[in-house]
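Beneath this line is the structure, given in structure tokens, with notes to follow.
The values are calculated or read from the model by the stated rules, or taken from the named source; none is laboratory data. This is a predicted model, so every value here is computed, not measured. So basically every Cβ, Gly included, is an ideal-geometry build from the backbone, and we count neighbours across all protein chains shown. Keep in mind that these areas ignore ligands, DNA and RNA; they rest on the heavy atoms of the full protein, side chains included. Shrake-Rupley method; radii C 1.70, N 1.55, O 1.52, S 1.80 Å.
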Amino acid sequence: MAYDEGLKSELQKSGIFVLPFEQLYNWGRKNSIWPLQFGLACCAIEMIASAASRYDLARFGAEVFRATPRQADLMIVAGTVTKKMLPQVVRLFNQMPEPKYVIAMGACAISGGPFKDGYNVLKGVDRFIPVDVHIPGCPPRPEALIHAIMTLQRKIAGQTLGQDQRWYEKSATTEFPIPAFGAHDLEPPANREVWQPPRNYTDVTIAEVLKK
Amino acid sequence: MGFLGKGLFQGMAVTARNFVGTYFDRGTREKLVTYQYPEEKPPLPENSRSFPFLVYDGTPDAMRCVACKICETECPPQCIYIVMDRDEKGKPQQRPKVFDIDISVCMQCQICVEVCPFEAIKMDNDYEKSQYGRFDDLIEHLPDLLKSNEYYNEIKPTEAKAVDAKLKAEAEKKAKKGTSKPAAAAPAKPAAPAPAPKPATAPAGKITIPEDAPFTAEQRAWLAGFLSAGGVATSGTGVSPVAVAETTGETPVPLPEATPAAEAPAGGWPWHDPGLGMSQRMDLVKAAPLADKLMAAMAQTDCHACGYDCRGYADAIAAGSETDLSLCLPGEAETAKKLEELMKEAGKL
Amino acid sequence: MIEQLRETIAQAVPGVTLEIIQSTPAAQQPALLVDRDHAFATAKFLKENQQLDFCSCVTGVDYPKLGQIEVVYHLYSVAKKTGPVVLKVRAPRELEQCRVPSLTPLWRGCEFQEREAYDLFGVKFDGHPDLRRILMWDEFTDHPMRKDYVPPKDYEWEPTPHDDTLTRAVEVAGIIPPSAREELEKAKKK
Amino acid sequence: MIQQISPIPTGMIETQTIEVSIGPQHPSTHGVFRMDAVLDGETVVGLKPVMGYLHRNHEQLAERMTWLASIPYTDRLDYFNSMTNNWALCLSVEKLAGIKVPERAEYIRVIVSELTRILNHSCVIGFMLQDLGAWGTPLLYAFREREKILDLFESLSGARMMCNYMRFGGVRVDMTDAMVAQAKDIVAKFPRFLDEFEQLLSNNEVLLARCQKVGILPKELAINASISGPMARASGVDYDIRKVDKYGVYGRFDFRVPLGEVGDVYDRYYIRVLEMRESIKILNQALRDLPAGAFVAPEVKLRNFKIPPGDGYGRVEAPKGELGFYLVSDEGGKMPYRYHCRPPSFINLTTLEDMCLGHKVADVVIILGSVDIVLGEVDR
């Protein structure tokens, strides 16, 4: 969006602050992120620690941990998502109002982490819900969570009003399908609309190798 | 004794004391404990660890990692992936071509650091790694992982000094053992933050003592004799040029013998499996020739720490071109002992 | 010590077959292997006459080579501050015959642990008040801690490929990372 | 999720019991724990714990990797107390393999474990009060003290929570003099905090009214249901593995085992305060007597560590109760053939229904808080 930076700073000198509505809107949004009080495993303790006195998440306007998803903007997936827990995670995400964000905190939430070989562990929560920021670490330090919140604030600040976002599309569904418990695994094991194996790894298939 | 509500008032008094206390806390962090994080970072202790990185000395080419894959095997969540570098002829190069660490899986347990015999992999303390993307952003490749020894000294001074001293001592020991090596005069790897000028830039055997070097006349005479003797000896004995080149910091040159040419027989070597124990491996080679027995005594990681692969080192010992039996680092003392035992049995020691 | 106990039990519980299984040389925790039919009577005797009032740990061990699943009970005495007495019961691996008597009526502490052994090993405990799955969901049909359990094929992609995960990834989705192509080809040649 | 069960006629008015599912996402369930409660009005008439929402297959993973590689995984069992978890596994393995641990290492283990115990107990009290509706004030105090102990753990082992500090036959790095001084400082200041904490809570009328005579667990049931740790001692069971087994060097320290009389929530709260005071006593003695010498047994190899075939069970007194590992080694000996963890908080949940019956829903929350569960350990 184009506006005159020079004029803006000139006006600022005389005490007049001019902001595009979009920036004001995003400024408000990014400084009042209300996370869902939703701890899964070890990382949840570091999440509590970052809200406690030493790290004090309140300085970023994100200390209001809501117990209900209806009042939350941000889901911090803090810990291992097991297959037994996943339907509830997706259900909670569905219940959050738009615009909503997801931080995958810790190795387990990103990819299954050290437990990825387990039969009951989901190999990354991004198989079912879209993730905005990933924090590696096992568990990440409280500072790392604050850093991730700042990263998310940058993302929110860069979002344009009225376009390119999921929640502005009329036809867009914000309900993500909830998988069912199967006899051996979740059914389906991944939501193909949300998750695709990365492009650069799919360039060679086993069929091509066998052809050679 | 008390009145109803006394406990409540006591509790409130505690809260009030703590509330007021924050105003009188001047940097002791007894009551006012908050760190204003992005501006003021809590001090990290030296032992603090986040994710692994690879140490190099001087230039990134001189990385300490020899692609021995010990960390890959020992890593509990299996987040390390290593492919050894090879030249056009397929000769292993003692350094990784691919070294990937998937930090989205890494559990920061430091076991890779503990098991590394080369002091090549160490723990970083950078925790600000939040990323938008998962697949490309969270995999660290070789260029991202390589960090200098100076950086290591900076983040972990005590530990790094101890490591430097150890490496220096090892290099000196090695140099003393093979007095024939021309690099004996210089530390094998520039350990100090300011790397010493490398005498190795001159071709091996032709080292001249600089005019301004702080030596007395006697020392000069002795050094000159020593160095020239070393130069002659290099071409004579079986010290592998790779080892020499590595200690002098030059890019490794392939061995003239091209050891890996020894192709595995059709059935492979059944003992060539790092998962087997020493006694199991020795059982497999009961009736085999000496070279096979020697090979079975190695750690079977083909790590090239000795300058050969496992087959090559065994052949070299059996042929008598290699006399040092303690070169197998992954096998540790167990292998050295076994090798000595086998050589004694064969009457070669 | 353990021989003495064995003699006492043999006298008190007629018809019981008892076998002593040694632990590692250093651990010194020999176990009593009891036949299934007399396990409950033996346990009852141990609880009432030997004051072993605290059943600390219950678990299963799968031995496909023996064709059996073993259930291990570690019994302690809070009153006498002694222990452990290790009680082992074996049952065939086949799901229909994999039944042992439940000791929950004697020790409440076994309740959840026996449910866990049922969930993960498929051992049915006769006489258990509430034998349901405890860790996995109810629709789950496998018993994952058995040695022959085949994990679900949900591995589709592995950025740091290792042999087994790579094979799984290839099997499921036909995807291989470029860095692993070489190795795969080599493996194919073999 | 409200479901009609069956009508129960009580006098003139017909009432019905309803089934309420509390959790797995609920602020008071300490993680992903679920209780299926059957309510008659507000009174609990039935309650079934449902777990498995954090079942991370620790046992199966451990059976696929070396003995050494399992140590960092034990950190993640009870993620408050990684040090005692490490110790439980190391003790079991040392028992199986017959490894002798050097004296200094034993003392360091006692120091870090007792620090872990005071860390855990102060946090548990904080969480329990949070469940009571104290809106985090005691929790913030507890976390302030926790950070001081975590600072020591970080300078010692490198990580705040997942210490991965112990090794078979000792500990990974030595405790330097500076760290000993830091530990002494923490220990010297802790009683003052504890006094303040008690002043804040112990006589508080609201706490007394909510906790006394709530969730009583009789002594006989506690023993029969294999309840261990502070929960059993609150019911008057005189059983502390530190005293009974005298593992490590616990035989040398002078400390008492506090016992409760009633076995209600208040006793379970107060027993933890008393245990912290006893831990301080042990810490003072251990820090005073810390001998010089090796911190790890030199004959124990890091790689290619093997255990002779056989099985064995080792246990320690973790802050939550008896934490044991049942390990089976086979011919190879490089990996566990069977690896079973006996988690205290899982088994302590056995009597949750007995304690809750007849109480109000609000009491269920604090009874669960007083049991002190960590889901990483319940589900493994």
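Largest GNM mean-square fluctuation across D:Asn120, D:Asn86, D:Asn57, computed for chain D with C-alpha springs under 10 Å, falls on D:Asn57. Dipole size of region C:2-149 about its Cα centre, with +1 on Lys/Arg Cβ and -1 on Asp/Glu Cβ: approximately 340 debye, rounded to the nearest 20.
By the helix-only formula, in which each DSSP H run with n ≥ 4 contributes -39500 (n - 2.57) and the sum is divided by residues, chain A has a 222 nm mean residue ellipticity of -9000 deg cm²/dmol. Each of A:Val102, A:Val89, A:Ser9 was placed along the dipole of chain A (beta-carbon charges, centred on the mean Cα), and the one lying farthest toward the positive end is A:Val89.
Surface exposure of region A:1-153, expressed per residue as accessible area with a 1.4 Å probe, stands at 30 Å². Hey, if you put +1 on the Cβ of every Lys and Arg and -1 on every Asp and Glu Cβ in region D:157-282, which of D:Ala232, D:Ala183, D:Phe168 ends up farthest toward the positive end of that dipole? Highest projection toward the positive end goes to D:Phe168.
Taking each residue of C:32-41 in turn, how many C-beta atoms of other protein chains fall within 10 Å of its C-beta, and what is the average? Intermediate values should be presented prior to the final figure.
Working: counts 0, 0, 0, 0, 0, 0, 0, 0, 0, 0.
Per-residue shielding by partner chains comes out at 0.
How many percent of the accessible area of region D:190-244 is carbon or sulfur, using a 1.4 Å probe? Before the final figure, lay out the partial values.
Working: 1000 of 1870 Å².
Taking all protein chains in place, region D:190-244 shows 54 percent carbon and sulfur surface.
Ellipticity at 222 nm from helices only: DSSP H runs of n ≥ 4 in chain D, each -39500 (n - 2.57), divided by the residue count, give -14500 deg cm²/dmol. Based on protein heavy atoms only, region C:2-149 ends up with 39 Å² per residue of surface accessible to a 1.4 Å probe. With a Förster radius of 30 Å applied to the beta-carbon distance between D:Glu261 and D:Gln199, the computed FRET efficiency rounds to 0.85.
Taking label positions 7 Å along the Cα-Cβ direction at both A:Gln196 and A:Phe181, the computed distance is 3.3 nm, reported to one decimal. Under a 5 Å amide H cut-off, with hydrogens placed 1.01 Å from N, C:Cys57 pairs with C:His74 among residues at least 5 apart or on other chains.
Placing dummy labels 7 Å off each Cα toward the beta-carbon, the span from C:Lys44 to D:Glu42 is 4.5 nm. Of the accessible area of chain A, computed with a 1.4 Å probe over protein heavy atoms only, carbon and sulfur atoms account for 55 percent. When chain D is described by a simple charge dipole with +1 on each Lys and Arg Cβ and -1 on each Asp and Glu Cβ, the residue from D:Ile307, D:Gln60, D:Gly31 located farthest towards its positive end is D:Ile307. Compute the distance from the alpha-carbon center of region D:350-365 to that of region D:199-215, in whole Å. So the two Cα centres are separated by 17 Å. Computed from the C-beta positions of B:Lys337 and C:Gln22, the FRET efficiency with R₀ = 30 Å rounds to 0.45.
On the basis of the beta-carbon distance and an R0 of 45 Å, C:Thr141 and D:Gln212 show a calculated FRET efficiency of 0.40. A crude spin-label estimate for the pair A:Glu22 and D:Lys360, with each label 7 Å from Cα along the Cβ direction, gives 5.4 nm. Ligands, DNA and RNA are left out, and with a 1.4 angstrom probe the accessible area of chain D is 30 Å² per residue. Along its first, second and third principal axes, ordered by size, region A:20-211 spans 56, 37, 30 Å in Cα coordinates. Charges were assigned to the Cβ only: +1 to each Lys and Arg, -1 to each Asp and Glu. The resulting dipole of chain D about its Cα centre is roughly 1220 debye. Between chain A and chain B, roughly 2700 Å² of accessible surface gets buried, counting both sides and using a 1.4 Å probe.
If only the Cβ of Lys and Arg carry +1 and only the Cβ of Asp and Glu carry -1, the dipole of chain A around its Cα centre is close to 320 debye. The HN-Hα couplings worked out from phi for region D:43-58 by the Karplus form 6.51 cos²θ - 1.76 cosθ + 1.60 (θ = phi - 60°) are 8, 7, 10, x, 7, 10, x, 10, 10, x, 6, 10, 6, 9, 6, 3 Hz, whole numbers, x standing for Gly and Pro. Debye sum, Cα scatterers, region D:228-380, no solvent: what log₁₀ I/I(0) at q = 0.08, 0.19, 0.20 1/Å? Debye curve over Cα of region D:228-380, log10 I(q)/I(0) at q = 0.08, 0.19, 0.20 Å⁻¹: -0.33, -1.21, -1.26.
Kirkwood hydrodynamic radius (Cα pairs, Å) of region C:2-149?
Working: mean 1/r = 0.0637 Å⁻¹.
Evaluated on region C:2-149, it is 15.7 Å.
Chain A contacts chain D over a buried accessible area of about 3000 Å², both sides summed; the probe is 1.4 Å and only protein chains count. Using θ = phi - 60° in the Karplus curve 6.51 cos²θ - 1.76 cosθ + 1.60, the 3J(HN,Hα) couplings for region D:165-174 round to 9, 8, 10, 4, x, x, 10, 7, 10, 7 Hz; x is entered for Gly and Pro.
For chain D, the Kirkwood hydrodynamic radius comes to 21.6 Å, computed from all pairs of different C-alpha atoms.
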